[in-house]
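Just below is one structure, and these are the notes that go with it.
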Amino acid sequence: MRWWDLRREDLLALTEQAPIYVYNDETMNEIFFDLLSMGVLQGIYYPYGLNPHPQMLQKAFELGASFRCNSRDQISCLKRMFPRIAPERLCLLAGSAVDRADRHAVYSGVNVGMRIS
């Protein structure tokens, strides 16, 4: 049985307030743990743009995930949230041309990936 089937009544009561997303903490722990414990992976990058809710970012950070960002603003937000985050846990996914911001990220220790169209 799926977790949401077990919590059906609670979840239906929440829908009366507003449209919301609901995540199960235990399921998130299991997913992150399973991915991070795979021997073939050095680590995982949680895509900031997928869900930037502070609790999701906190969960990813606590469980050891790194972050894939699409802008310097996203990197700045993560640095404010996690002042001691190691730069190598951040990856800026750059456009097809490397600009001044991307070079700054490289010099600050942030990984930079390139989009290939």
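Whole-Hz Karplus values for region 2-17 come out as 7, 4, 6, 5, 5, 10, 3, 4, 4, 5, 5, 5, 5, 5, 6, 7 Hz, taken residue by residue from phi with 6.51 cos²θ - 1.76 cosθ + 1.60 and θ = phi - 60°; glycine and proline positions read x.
Which value results when the Cα radius of gyration for region 1-100 is divided by 2.2 N^0.38 Å? Spell out each step's value before the answer.
Details: Rg = 16.4 Å, N = 100, 2.2 N^0.38 = 12.7 Å.
Taking N as the residue count of region 1-100, the ratio is 1.30.
Read-outs: derived from the displayed coordinates by stated rules, not from any lab. Being a predicted model, the structure only gives us computed values, none of them experimental.
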